[in-house]
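The values are calculated or read from the model by the stated rules, or taken from the named source; none is laboratory data. All values reported here derive from a predicted model rather than from experimental measurement. Note that we place each Cβ from the backbone using ideal geometry, even for glycine, and neighbour counts take in every protein chain shown.
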Amino acid sequence: MYRTAVFTLLALVLVSCQPMLKSNREATATAYAAMNMKEAMRVAEESALAQCNLDLDESPEEYISGICELSTELTCSLLKEEIKDNWEMMQEQYISRKMECTTSSSRLLEVGEQYGKRVQYWQVNLEGVEGFSDGVSSRAYWLQIAEENGHWKFNRSMDTGEVSVYLALDNIEKER
């Protein structure tokens, strides 16, 4: 009886230590990549929505909170100051006191690394559903998200030079 128990235990240990089949490793890697991509897309879309959905009757802190929840620590601290400094101007500039958007499409533009962090570049297209002038309700947000502490976070909006590069690449692709 003792020998049978030892043999069974040894067999279980050996089976559990066997290398994973290549097909199982590939399936696991594919599932992880798909889950990771889904999280990255969710963060990109929610970050664009957090910026577009604006209620000027709320405090700037409430608006900032929605954005910071999705942002890297550095981005949050920079945006806090920028939004606080420009809140009054935003209240004067916008015709409507409340703006609300919904996602119409998003696409991954590029994957890379910057300052030691994995990053992704996204274009998120939104449609205004409230507070927009007729015919001017589409908005494109060009975002970089970065992996921070194992999670994707909004890192920054792309500058006009970066956006120009992606638009030029789109034009080249259309000409083909």
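Would you check if there is a residue in the range 82-93 being of a type in the set (Lys, Arg), at pLDDT 95 or above and surrounded by 12 or more Cβ atoms within 10 Å (Cβ to Cβ)? No, every residue in the range 82-93 fails to be of a type in the set (Lys, Arg), at pLDDT 95 or above and surrounded by 12 or more Cβ atoms within 10 Å (Cβ to Cβ).
Yes or no, residue by residue, for (1) more than 19 Å from THR75 (Cα to Cα); (2) touching a residue at least 60 places away in the same chain (Cβ under 8 Å):
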position	(1), (2)
TYR94	yes, no
GLU100	yes, no
LEU109	yes, no
GLN114	no, no
GLN120	no, yes
GLN144	no, no
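Note on the range 160-176: among residues that are surrounded by 10 or more Cβ atoms within 10 Å (Cβ to Cβ) and of a type in the set (D, E, K, R), the one that is modelled with the highest pLDDT is GLU162. Among the residues here, SER105 qualifies as touching a strand residue (DSSP E or B) at 6+ places or on another chain (Cβ under 8 Å) and surrounded by fewer than 13 Cβ atoms within 10 Å (Cβ to Cβ). Taking first residues from the range 124-136 that are farther than 22 Å from ARG156 by Cα and aromatic (Phe, Trp, Tyr) and partners that are at pLDDT below 95 and surrounded by 12 or more Cβ atoms within 10 Å (Cβ to Cβ), no Cβ contact under 6 Å between residues at least 6 apart in sequence or on separate chains turns up.
Just one of the listed residues (GLY112, GLY116, GLY135) is more than 22 Å from ALA40 (Cα to Cα) and not aromatic (Phe, Trp, Tyr), namely GLY135.
Only residues that are closer than 30 Å to ASP134 by Cβ, touching a Lys or Arg at 6+ places or on another chain (Cβ under 8 Å) and not aliphatic (A, V, I, L, M) were counted in the range 47-90, giving 4.
Residues being acidic (Asp, Glu), part of a helix (DSSP H, G or I) and at pLDDT below 95 are represented in the range 13-26 by at least one member. Total residues in the range 54-81 satisfying the condition of being of a type in the set (S, T, N, Q) and exposed (fewer than 15 other Cβ atoms within 10 Å of the Cβ): the figure is 3. Scanning the range 118-130 for any residue that is of a type in the set (Lys, Arg), farther than 14 Å from LEU49 by Cα and surrounded by 14 or more Cβ atoms within 10 Å (Cβ to Cβ) turns up at least one such residue.
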